[in-house]
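Undergrad: Here's a structure for you.
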Amino acid sequence: MTDSIDKRKAQHIELVLNEKVTGDNISTGLEKYRFLHNALPEIDFDEITLDTPFLGKKLRTPFLVSSMTGGAAMAETINRNLAIAAEERGWAFALGSTRALIEHEKYRESFQIRKYAPTIPIIANLGAVQFNYGFGVDQCKQIMEMTEADMLVLHLNSIQEIVQQEGDRNFKDLLGKIEQVCTQLDVPVGAKEVGFGIDGTIAKKLTDVGISFIDVAGAGGTSWSQVEKLRSNEKIKKIAAEAFSSWGIPTAECIVSVSEAIDQPIIASGGIKNGLEAAKAIALGSDMVGFARSILKEATESPEDLIEVFEIRELELQMAMFGVGAATVGELKGTDRIK
């Protein structure tokens, strides 16, 4: 079992780096929105601040390294580089699925990155479906202790699990088990998709049972049905996965729907490529913005390469804020200059 998890994680990294893993005929939807340029912003660019509060934590930016990996040899290098860069630039950091952390000691260090990132928020991550396969509150507490994380996010990946050769398909009665975890953990617990999106109706169900934040993880970026299709040796699943290459709720639609339904913080992720798109996501209602595949290549190389990319994303966001006359992230979120 553990060897299969190691192999799967390594294959995921390789495929996302080197193959076409985006969906067909679907986008984030952010391209449909444009900012109305403000020719007289009446602010000093050098006074623009990206400071962002998030569930009691203070961040220097509204950016997040979205959940990517852990539990494989290459994952240790990737997570170390990401943690060093995130600490340097003040980004939050979300780990990949920590199931492997509990099930085996091998590559455990790939999840233990607090020594590289002593001050930023770290978000541990677990598939909610594991609550139907032996995991519970005790395992979640172990994960929090071993990762020294500040929060836990539960990922919802139903379509991926069906295509995945080793997939866990029983998503029955999870809401009550999610509520139990929210009630018994003494840290904020969030929920996220993995690239097919969360809408307002589902977000409301989740927050009603105690979920503290929603990462919409919408469509338009990596499609995990397509990743698993490339991994699969099962002809039936490979063919069926093709029908889902355009499946999901575009990220922009998720943000709008969820922001209308809940008052809890929203993270926008799913195919967001640059700071201008991040600015649109914030203006549409998100509080934080996550990047994943768009920074994975640099994550395999060095912290310095990542820091440069992080600086570019931050400058792009500041330029968009200057362009609409928003001196703070809060002002950007409240702007009426997006159409």
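Quick note: the coordinates plus some simple rules give every number you see, no bench work behind them. Predicted, not measured: the structure shown is a model, and the values here were computed from it. Positions of Cβ are backbone-derived with ideal geometry, glycine not excepted, and every protein chain shown enters the neighbour counts.
Undergrad: Could you size up the charge dipole of the range 1-111 around its Cα centre, putting +1 on the beta carbon of Lys and Arg and -1 on that of Asp and Glu, and report it in debye to the nearest 20?
TA: Around 380 debye, computed over the range 1-111.
Undergrad: On to the next question. Quick one: grab Rg to one decimal and Dmax as a whole number for the range 28-142, Cα atoms only, in Å.
TA: 18.3, 59
Undergrad: Compute the distance from the alpha-carbon center of the range 248-277 to that of the range 22-50, in whole Å.
TA: Cα centres, the range 248-277 to the range 22-50: 14 Å.
Undergrad: Sort 144-155, 306-317, 233-244, 86-97 by the packing proxy (mean of other Cβ within 10 Å over each peptide's residues), most packed first.
TA: 86-97, 144-155, 306-317, 233-244
Undergrad: Evaluate Rg over Rh across the range 2-333, taking Cα atoms for both radii and Kirkwood's formula for Rh.
TA: Radius of gyration relative to Kirkwood radius: 0.95.
Undergrad: Give, as a single signed number, the net charge of other residues whose beta carbon lies under 12 Å from the beta carbon of residue 198, with Lys and Arg counted +1 and Asp and Glu -1. Each step should come with its number before you reach the end.
TA: On the way: positive: 192, 204, 205; negative: 193, 199, 215, 253.
So the environment of residue 198 carries a net charge of -1.
Undergrad: With labels modelled as points extended 7 Å from the Cα through the Cβ direction, what inter-label distance (nm, one decimal) is found for residue 246 paired with residue 36?
TA: 3.3
Undergrad: Rounded to the nearest angstrom and ordered from largest down, what semi-axes does the equivalent ellipsoid of the range 206-274 get from its C-alpha gyration tensor (root of 5λ)?
TA: Values: eigenvalues 168, 36, 20 Å².
Rounded to whole Å, the semi-axes are 29, 13, 10.
Undergrad: Within a Cβ distance under 12 Å of residue 257, other residues only, what is the Lys/Arg minus Asp/Glu net charge?
TA: -2
Undergrad: How large is the dipole of the chain about the Cα centre if only Lys and Arg carry +1 and Asp and Glu carry -1, each at its Cβ, rounded to the nearest 20 debye?
TA: In debye, rounded to 20, the chain gives about 900.
Undergrad: Measuring from label point to label point, each 7 Å out along Cα→Cβ, what is the residue 239 to residue 138 span in nm?
TA: Between residue 239 and residue 138, the label points sit 4.5 nm apart.
Undergrad: Right, something else. Which helices of the chain meet both criteria: a Cα extent of 30 Å or more along the helical axis and a mean Kyte-Doolittle score no lower than -1.0, with helices taken as whole DSSP H segments?
TA: Helices meeting the criterion: 303-324.
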